[in-house]
Amino acid sequence: MKLLSPSLLSANFGNLERDIELINKSNADWLHIDIMDGVFVPNISFGFPVLKYVKQLCTKPLDVHLMIVEPDKFINEVKETGAIMMNVHYEACTHLHRTIQRIHDAGMQAGVTLNPHTPVEVLEDIVADVEMVLLMSVNPGFGGQKFIENTYDKIRRLRAMIDRKGCKTLIQVDGGVNLKNAAALYEAGADCLVAGNAVFSADDMVATIAELKK
């Protein structure tokens, strides 16, 4: 499976409607939304009023990634945006299993994200309960960072864990994804790539998305 989820964080917010319309015309699978609080990560992105506007414009399913403390407080708000996937950080959830249950109870798919320093082995007892694991291949908070090479090994180890347990959990990778490393990431075992600058800074966004998936 080769899925692509362009990251809205890299879009031109002065011309957001145009960028989203290009995503609609492309063969992207989802639209990735990074919500940052300036506490869990050293940056602030956008909130739910903007996300509701995005949903009105976007025909792609929304893949919402909460880079915030206490994500449980916002499960209903994420649900109201029409998101199909709510992704929370392992490092931000004291009671991760309960958080995942609440996301499922709200009718959404649940994802869990690992920062670059967090080993995939911490998910041994939870990986079968989520629809997706997101591996950060940069330190979260800012776009345009250099890809962390150790990510390939993490993908392989996570793929081995998923296969061993016989579950269908998807592996998503976010950070520094571009045309140079996309094929290698898919080959290592990733199912879905999040691409920001590689898509939104391209001369032809639609063609670049097609190339990343190919």
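The values are calculated or read from the model by the stated rules, or taken from the named source; none is laboratory data. Nothing here was measured: the structure is a model prediction, and the numbers come from that model. No Cβ is skipped: glycine too gets one built from the backbone with ideal geometry, and neighbour counts run over all protein chains shown.
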Scanning segment 35-63 for residues that are in contact with a Phe, Trp or Tyr (Cβ under 9 Å, 6 or more places away or on another chain) and without any contact (Cβ under 8 Å) to a residue 40 or more places away in the chain gives 35, 46, 48, 50, 60, 61, 62
Mind counting the residues in segment 103-114 that are crowded, with 17+ Cβ neighbours inside 10 Å and not hydrophobic (A, V, I, L, M, F, W, C)? 3
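Looking at segment 42-50, can you tell me whether even one residue there is touching a Ser or Thr at 6+ places or on another chain (Cβ under 9 Å) and small (Gly, Ala, Ser)?
Restricting attention to segment 42-50, the residues satisfying the condition of being touching a Ser or Thr at 6+ places or on another chain (Cβ under 9 Å) are 48.
Next, only the ones that are small (Gly, Ala, Ser) stay: none.
Checking segment 42-50: not a single residue is touching a Ser or Thr at 6+ places or on another chain (Cβ under 9 Å) and small (Gly, Ala, Ser).
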Selection over segment 60-94 where residues are out of contact with any strand residue (DSSP E or B) (no Cβ under 9 Å at 6 or more places or on another chain) and of a type in the set (Ser, Thr, Tyr) yields a count of 1
By residue number, the members of segment 96-108 that are under 22 Å from residue 135 (Cβ atoms) and either free of Cβ contacts under 8 Å to residues at least 12 places away in the same chain or part of a loop (DSSP other than H, G, I, E, B) (or both) are 104, 108
Taking the condition at pLDDT 90 or above and not aromatic (Phe, Trp, Tyr), does residue 27 pass? yes
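Please indicate, with yes or no, whether at least one residue in segment 174-183 is within 18 Å of residue 87 (Cα to Cα) and either basic (Lys, Arg) or out of contact with any Gly (no Cβ under 6 Å at 6 or more places or on another chain) (or both). It would help to see each step written out before you state the result.
Start the filter on segment 174-183 by keeping residues that are within 18 Å of residue 87 (Cα to Cα), which leaves 174-175.
Restricting the remaining residues to those that are either basic (Lys, Arg) or out of contact with any Gly (no Cβ under 6 Å at 6 or more places or on another chain) (or both) gives 174-175.
Yes, the conditions are met somewhere in segment 174-183.
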When you scan segment 156-197, how many residues do you find that are at pLDDT below 95 and among the aliphatic types (A, V, I, L, M)? 0
